[in-house]
1. What's the center-to-center distance, using Cα atoms, between the range 266-313 and the range 204-221 in Å?
2. Under 13 Å from the Cβ of residue 147, count the other residues' Cβ atoms, weight Lys and Arg +1, Asp and Glu -1, and hand me the total.
3. Can you flag which of 53/98; 178/252; 106/258; 252/291; 258/309 are past 28 Å Cα-Cα?
4. Using a 7 Å offset from the Cα along the Cα-to-Cβ direction at both residue 69 and residue 105, what is the distance between the two label points in nm, to one decimal?
5. What's the center-to-center distance, using Cα atoms, between the range 139-178 and the range 27-101 in Å?
6. I need the shape label for the range 175-251. Rule: rounded when a/c is under 1.5, else prolate if a/b > b/c, else oblate, with a, b, c from the alpha carbon gyration tensor.
7. Which value in nm describes the separation of the simple spin-label points at residue 172 and residue 288, placed 7 Å from the Cα toward the beta carbon?
8. Under a point spin-label approximation (7 Å from Cα along Cα-to-Cβ), what is the residue 245-residue 191 distance to one decimal in nm?
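Taken together, the values in this text are just the output of simple stated rules run on the coordinates, not laboratory data. The structure displayed is predicted, hence computed values, not measured ones. Virtual Cβ from ideal backbone geometry, glycine too; neighbours counted across all protein chains shown.
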Amino acid sequence: MKKAITAVIILLLSAMVLSGCAEAEKNPADSKIKIYVSFYPMYFLASEIAGDKAEVITMVPAGAEPHDWEPTPKTAVELSRADMLIYNGAGMEPWLDKILPNINEKRTKIVDASQGIELLKSSEHSEEEEEAEESHEHGIYDPHIWVSPIRFRQQVQNVYEALLEIDPENSEYYGKRKMELDSRLSDLVKDIWDASKYFKSNVIVVSHEAFGYFANDFSLEQIAIRGINPQEEPSPSKMAELVRKCREKQVKYVFFEKLTSPKLSEALAREVGAGTLVLNDAAGLSEEDIKSGKDYITVMYENLKNLKKALGD
């Protein structure tokens, strides 16, 4: 089914390019630039910098799991009319691989927000991922760059530079908003570091391998129940090994995420006599979260509160 959808997408985009249906230039009557982003973290940084100078449209719906989402033919056609497309990169959006070659880059600025950022290799592989790694020179990378606010600031810089390129007339506006976002992220990083000085443990047990950059940048050790793919089920031997590690390291809390089932985290916690808490990778906020005023930064402060409880007790 996915192959059929991809084929339709490619045909539609190719037809538009060949027939000239896609606009060659932005309509001057439209004062706002149109930015498409892959999923929530990219929406947050684009909307924070671009403000009211852009219409920012997220492809992955609120609350959806971005690892498994697939675009519709309609979404792919809309992309061909965008002024900019921003995606996380590092393998997070595999569905873009067959779409990007059919987008007219003279019309649409394509921004891979992972460009220039040092990537971490995944420590957990499924059999399919291991086979893929053998056939690629650089192996399997962890795509969850945004989860670390330190790396997220680098992604902010990439998007900011791209906005200056396509809309230099508003450079002062973008620069001011980018500085404000940088300041908020800097405060967040400082608050995490300050809190970490009082952690009695540096071990976080998480539902899937989404916190590698966060752990790396804040001197923590990540133990993941699942690998990069949150839908991947661990083997009985893997669960037994996790139980052993949790007991050895005297883990008091096992974390789970809002977009993945908590059942495995709860099962592991029961087995080792631990509690459970949420650690949100901020990949997708629900509509309720957004309506209540939550954003990337407020979610990260909620994470910090739970980290203090789990590691500071």
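1. 13 Å
2. -3
3. Check vs 28 Å cut-off fails for 53/98; 178/252; 106/258; 252/291.
4. 2.4 nm
5. If we compute the Cα centre of each part, the gap is 14 Å.
6. oblate
7. In this crude spin-label approximation the distance works out to 4.5 nm.
8. 2.9 nm
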